[in-house]
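Quick note: the coordinates plus some simple rules give every number you see, no bench work behind them. Keep in mind that this is a model prediction, so the values were computed, not measured. Cβ placement follows ideal geometry from the backbone for every residue including glycine, while neighbour counts extend to all protein chains displayed.
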Amino acid sequence: MQRREFFKISFAASAALFGSKSSAFATSKPIDTQKVSPVLFPEKKPLIVHSDRPPLLEAPRTTFTRAITPNDEFFVRWHMPIIPTPINMDTYYIHIHGEVEKRLYLRVADLKKDFKPVEVTAVMQCGGNSRSAFHPSTSGIQWGSGAMACATFKGVRLKDVLAKAGLKNSAEWISLNGDDKAVMAKIESFKRELKIDEISDDTIIAYEMNGREIPFLNGYPVRLVIPGLYADSWVKQLSDIYVTKEYQPYFFMDVAYRIPDNECECEEPNNLAKKTKPLEEMNVKSYIGYPDNQMQIQSGTNLRVKGVAFDEGYGIKNVFISLDMGKTWQQATLGKELSKYAFREFSYNLKPMKKGTLTIMAKAVNNKGEEQPFAHDIPWNHGGYKYNGIDSVTVEVV
Amino acid sequence: MKKIIILMLLCFVSLEAVYTEKVKVPSITFAIEDDPNIRVMQRNCQWCHSYGYILNQGRQSKEFWHKIVLKMRDVYHAPINARDEKIATEYLYKYYGNGREKEGY
């Protein structure tokens with residue numbers, strides 16, 4: 001009862017958006033009970049499998065104790081069932097065409113030879129990560145929280161590649177396409193559209209991930225990396241860059257992956273927002289990698305809580321830990337900032353003395369002052385996007 | 001000399017190739033409820049995706065499933081005829097429904 005009261009006070013603002021209807025639907029914690037599958041996928045450790053075709057693989061909680069996600073634990077999400085294997089790298093091209101002075105066919109070897117290499121460490125997160133928290137459940141894969149990862153990507157600036165082709169004055173937009181294919185020939189492939197003057201220096205065409213070739217299931221041989229933005233823009237097996245004067249409407253930009261265009265980016269199941277916008281920047285989030293739920297902890301021994309925090313690129317200012325269901329918060333120790341777009345490790349030492357269940361909560365605050373809301377205060381949206389509720393794990397002190 | 005250069009080039013090429021054959025993604029059976037109408041699911045859904053996509057949508061209303069069937073037909077061009085549209089919707093709602101006719105609360 002007391003706890004309920006506290007939540008009401010601290011999130012009066014978000015509750016007000018729904019008025020009295022807020023009790024009609026709710027957000028809870030995302031599911032955290034799914035087990036990794038014994039079936040091994042190429043170059044991957046056992047992961048949680050949502051589908052084999054197209055492959056959808058999620059990392060378990062234990063992955064998130066380190067700032068860099070190893071390639072074999074990096075989540076997988078494809079939209080199309082046919083993923084070709086690029087075998088002959090002499091005939092794998094990125095075709096740059098449209099409103100350019102010179103049409104280019106770049107091989108990966110050309111990217112390495114003719115452009116300045118750039119490294120970016122950044123979080124990649126599926127827009128629907130943690131979707132299972134939303135009720136009523138929304139359309140889409142009911143991910144737990146493991147559709148996210150962080151890696152050091154090496155490649156070349158998208159800007160540099162466009163400059164080499166020479167943009168015409170009329171060039172305003174680029175549309176990016178990968179080599180993965182649908183079964184039915186008529187289906188539009190998974191294309192993304194970017195506005196040319198919004199392309200940052202950190203946006204790269206990557207050919208390496210954590211010092212190695214990008215794994216097949218993560219988009220070998222090249223993928224787009226757009227730090228700060230959700231992964232639906234990070235085109236895999238990039239093969240086509242089409243420069244245009246005007247915006248090209250695509251299903252995955254104009255129908256899917258859209259969120260309400262209002263202050264709270266929220267809506268009600270019976271009253272969907274009329275105006276929507278594409279899903280773009282991420283929000284501040286943290287996740288506990290250790291301990292895992294239901295773990296047994298010896299009373300009177302040291303327990304080191306570990307996890308990761310990130311946002312869309314302002315950088316993490318603080319992570320706080322609560323052991324009393326969010327009534328009081330203590331500061332966690334932050335690890336080195338690898339980049340403002342990267343996972344920031346946090347840790348917190350405690351010695352649980354009292355036997356019984358112990359719930360550990362983590363809340364991140366970014367440099368802009370934005371902080372994570374409690375799980376049940378996250379407002380609903382029809383796609384189940386952008387969940388960033390305070391994470392918690394409950395262990396058994398014995 | 002020419003031979004050596006060609007040999008060197010070949011070496012370079014083979015070093016570059018990470019995958020020498022098609023990468024195989026394992027196949028997993030996601031079992032959906034058996035029913036005489038499972039055939040409708042077999043002939044319409046599996047062209048493009050595993051049943052994992054059905055199981056991982058969570059329990060949903062009849063209206064939700066109907067919209068999904070229409071999306072598969074209209075966006076992804078699944079060859080769903082009018083009869084199958086109805087049967088697939090009924091099947092999905094019967095086994096993966098949340099007891100509500102309409103979406104929302």
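With the crude spin-label approximation of a point 7 Å out along Cα→Cβ, what separation in nm comes out for A:D72 versus A:D160?
A separation of 3.2 nm, rounded to one decimal place.
Counting partner chain Cβ atoms within 10 Å of every residue's Cβ in B:46-57, what's the average?
If you average over the peptide's residues, the count of other-chain Cβ atoms is 6.
With the crude spin-label approximation of a point 7 Å out along Cα→Cβ, what separation in nm comes out for A:M89 versus B:H77?
Distance between label points: 3.4 nm.
Using only DSSP helix segments of four residues or longer, with each worth -39500 (n - 2.57), what per-residue ellipticity at 222 nm results for chain A after dividing by its residue count and rounding to 500?
So the helix-based figure for chain A works out to -2000 deg cm²/dmol.
What nm distance separates the two modelled labels at B:W47 and A:K35, each placed 7 Å from Cα along Cα→Cβ?
3.6 nm
Please give the FRET efficiency for B:I38 paired with A:Q296, using the beta carbon to beta carbon distance and R0 = 35 Å, rounded to the nearest 0.05.
0.25
For chain A, modelled as a GNM with alpha-carbon contacts under 10 angstrom, which of A:P117, A:P38, A:P136 fluctuates the most?
Per the Cα network of chain A with a 10 Å cutoff, A:P38 tops the list.
Would you kindly state how much longer the chain becomes between A:L338 and A:F251 on full extension, computed as 0.36 nm times their sequence separation minus their alpha carbon distance, in nm to one decimal?
My answer for the length gained is 27.8 nm.
Residue by residue, what Karplus-based ³J(HN,Hα) values in Hz, rounded to whole numbers, does region A:363-377 have, using 6.51, -1.76 and 1.60 with θ = phi - 60° and x for Gly and Pro?
So the Karplus estimates, Gly and Pro as x, are 9, 9, 10, 9, 5, 8, x, 7, 10, 6, x, 5, 3, 7, 9 Hz.
Give a residue-ordered list of calculated ³J(HN,Hα) values for region A:320-326 (Karplus: 6.51 cos²θ - 1.76 cosθ + 1.60, θ = phi - 60°; whole Hz; x for Gly, Pro).
10, 10, 10, 10, 10, 6, x
Compute all pairwise cysteine Cβ distances in chain A, then list the cysteines with no distance under 4.7 Å to another cysteine.
A:C126, A:C150
What number comes out for the charge environment of A:K275, summing +1 per Lys or Arg and -1 per Asp or Glu over other residues with Cβ under 14 Å away?
It works out to a net charge of -2.
Quick one: which residues, 5 or more positions from A:I82 or on another chain, have an amide H under 5 Å from its amide H? H modelled 1.01 Å from N in the peptide plane, none for Pro or chain starts.
For A:I82, the qualifying residues are A:K181.
A:K363: which aspartates and glutamates have alpha carbons under 15 Å from its alpha carbon, excluding same-chain residues fewer than 8 sequence positions away?
Those aspartates and glutamates meeting the cut-off are A:D311, A:D324, A:E345, A:E371, A:D377, A:D391.
Quick one: go through region A:348-365 and flag any residue whose amide nitrogen is under 17 Å from the point 7 Å out along the Cα-to-Cβ line of A:N318.
It comes to A:348-349, A:361-365, nothing else.
With a 10 Å cut-off between alpha carbons and a GNM built on chain A, which of A:N71, A:N129, A:N293 moves the most?
A:N293
A:V397's amide H: which non-local residues (gap 5+, or another chain) put their own amide H closer than 5 Å, with H modeled 1.01 Å from N in plane and none for Pro or chain starts?
Placed amide hydrogens put A:I297, A:G356, A:T357, A:L358 under 5 Å from A:V397.
So for A:W234, A:W173, A:W380, fewest C-beta neighbours within 10 Å to most, what's the order?
A:W173, A:W380, A:W234
For chain A, with a Gaussian network of springs between Cα atoms less than 10 Å apart, report the residue from A:K236, A:K113, A:K35 with the top mean-square fluctuation.
In this elastic network of chain A, the residue with the biggest mean-square fluctuation among A:K236, A:K113, A:K35 is A:K113.
Kindly flag which residue pairs out of A:K195/A:K277; B:K62/B:K94; A:K340/A:K368; A:K116/A:K191 have an alpha-carbon separation exceeding 18 Å in this structure.
Violating the 18 Å limit, Cα to Cα: A:K116/A:K191.
Using modelled amide H (1.01 Å from N, peptide plane; none on Pro or chain starts), what sits under 5 Å from the amide H of A:T276, excluding residues fewer than 5 places away?
A:D261
What percent of all Cα-Cα pairs in the protein assembly as shown falls in each 10 Å bin, counting up from 0?
Here the calculated profile for the protein assembly as shown is 4, 18, 27, 27, 17, 6, 1, 0, 0.
Please work out the FRET efficiency for the pair A:K351 and B:L55, using the Cβ-Cβ distance as r and a Förster radius of 41 Å; give the result to the nearest 0.05.
Result of the calculation: an efficiency of 0.45.
Could you give me the ³J(HN,Hα) list for region A:52-60, computed from phi with Karplus coefficients 6.51, -1.76, 1.60 and θ = phi - 60°, whole Hz, x at Gly and Pro?
These are the phi-based 3J(HN,Hα) values: 9, 9, x, x, 10, 10, 10, 7, x Hz.
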